[in-house]
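Comments concern the structure below.
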Amino acid sequence: MGVSAITQIIARAGMGALMDRFSTRTFILLALILLAASCAILGLSEDLWAFVVSQLLQGAARAYFFTGAQTHVVRSARPAVTALALMNVTNGIGLLVGPLPAGFVGASSLTLTLFIAAGIAAAAIPACAFLVRYEPFTRPPSEPGVVSVAVWRRPSVLTAAWMSVAAGSWRGIMNSYFPLLLSEAGHSVPVVGAMTTSANFAALAGSILARGARRAGLRLASVLGTVLALGGIAAMALLLPNLVLAGAFLFISGVGSGILQTLGPALAAEAVGPEERGRSIASIGTFRAFSLLVTPMSIGALIFVLPSAAVATAIVAIAVGVPGMVMRSRPPRGMND
């Protein structure tokens, strides 16, 4: 996972400039090709080199797909929050449906599962031809005597970035230490699967609720999503011996994550002019990729000095959440907070 996160950071860091040369449809197409290749390589070989190459390709694929797709949908006629909510709901349905058949197939052959995944990615490639081909972005000319501020340093974009950091930290915990926490608390593998499905369903619900949270104002929506996502995951980690309470807080945290992962890119798109949307969304995606790498590493480091992984997880979650709750931002131009 660390190798994949590093590739995501590198790929997303350079996407802003590349979007001035290539259409967003191109990034989605490239992502599908890389994803298919990553699954096929790992299906062909179990050697360490194959795993490393697969993770490198998958990291780049995730960066190009999610940043490219988010930027693509906000350029449509729909409001940014509506377009991103629809995209995240579709993605959430895939997260809910995909693991079940993969589990059945994987029980007999993990290699077959990887080839099926590669085939699904490859089958999606022709669908790119039906996407609207938006032209590459054109950088707005700088005004004489006016110092241009980098997109990622603008207050509203920074708020969006920290929302992405919070959502990325939640996902980083779910992808890394969550199964370990459940095992440490004495729960079985089927419980891990059921809890993961519940969390993904909650994130799907959060994406649906994002529009309502946005109407309450940017400041409140940002704080609400952060408190639910990271406060909920911290409480869940500490309450795991009580599976009912832990499950309730896990669901709450998933709702918060869904709100954040929808509103973050929407705010980033709304906070800048039309020709800077690619750079803005790519910049907050880079912040998210950092959180996917740093959050599990921080938990791993704290485990050596704290009594349990659950305590370490709770501390890291709270530490990530606090800056997002105290950060202030101005509403995007033409919009009221």
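Just tell me the longest site-free run in the chain, where the sites are trypsin sites (Lys or Arg not before Pro) in a DSSP loop having at most 13 other beta-carbon atoms within 10 Å.
It works out to 134-327.
Contour minus end-to-end for C128 and R78, with contour as 0.36 nm per residue of separation and end-to-end as the Cα-Cα distance?
Full extension from C128 to R78 adds 16.0 nm.
Heavy-atom accessible area per residue, the chain, 1.4 Å probe: how many Å²?
Value returned for the chain: 46 Å² of accessible area per residue.
Given a cut-off of under 8 Å on Cα pairs at least six residues apart, what relative contact order in percent is computed for region 152-326? List each step's numbers first, then the result.
Values: 263 pairs, mean separation 68.5, N = 175.
Here the relative contact order equals 39 percent.
Please give the calculated 222 nm ellipticity per residue for the chain, where each DSSP H segment of at least 4 residues contributes -39500 (n - 2.57) and the sum is spread over every residue; nearest 500 deg cm²/dmol?
Details: 14 runs with 252 residues, N = 337.
One gets -25500 deg cm²/dmol as the mean residue ellipticity at 222 nm.
For region 74-90, in order, what is each residue's ³J(HN,Hα) by Karplus, 6.51 cos²θ - 1.76 cosθ + 1.60 with θ = phi - 60°, in whole Hz (x at glycine and Pro)?
6, 8, 7, 6, 6, x, 4, 4, 5, 5, 6, 4, 4, 5, 5, 5, 4
So how exposed is F251, as accessible area in Å² (1.4 Å probe, rounded to 10)?
We get 80 Å² for F251.
At a threshold of 8 angstrom on Cα-Cα distance, excluding pairs fewer than six apart, so keeping six or more, what relative contact order does the chain reach in percent? Can you show the working numbers first?
Working: 536 pairs, mean separation 89.0, N = 337.
Answer for the chain is 26 percent.
With a 1.4 Å probe and every protein chain kept in, tell me what percent of the accessible surface of the chain is carbon plus sulfur.
Result for the chain: 71 percent of the exposed heavy-atom area is carbon or sulfur.
Taking only the Cα atoms of region 197-287, how large is their convex hull per residue, in Å³?
96
Find, to one decimal place in angstroms, the Kirkwood hydrodynamic radius of region 50-130, where the mean of 1/r is taken over every pair of different Cα atoms and then inverted.
Mean inverse Cα-Cα distance, inverted, gives 14.7 Å.
Hey, of [x] 41; [y] 59; [z] 48, which did the structure itself give for percent of Cα pairs over 28 Å apart when calculated?
It is the one labelled [x].
Over region 28-149, what is the relative contact order in whole percent, taking alpha-carbon pairs under 8 Å and six or more residues apart?
37
Per-residue accessible area for W152 at 1.4 Å probe radius, Å² rounded to 10?
That residue has around 130 Å² of solvent-accessible surface.
Work out from phi, with θ = phi - 60° and the Karplus expression 6.51 cos²θ - 1.76 cosθ + 1.60, the ³J(HN,Hα) of each residue of region 189-195, listed in order in whole Hz, and give x for Gly and Pro.
4, x, 5, 4, x, 5, 5
Roughly how many debye, to the nearest 20, is the charge dipole of the chain about its Cα centre, given +1 on each Lys and Arg Cβ, -1 on each Asp and Glu Cβ, and no other charges? Can you show the working numbers first?
On the way: 21 positive and 10 negative charges, 200 e Å.
Here the chain has a charge dipole of around 960 debye.
The values are calculated or read from the model by the stated rules, or taken from the named source; none is laboratory data. Here the structure is a predicted model, which means the values were calculated and not measured. All Cβ positions, even for glycine, are placed from backbone atoms using ideal geometry, and neighbour counts span all protein chains on display. The area values use the complete protein model at the heavy-atom level, side chains included, leaving out ligands, DNA and RNA. Shrake-Rupley method; radii C 1.70, N 1.55, O 1.52, S 1.80 Å.
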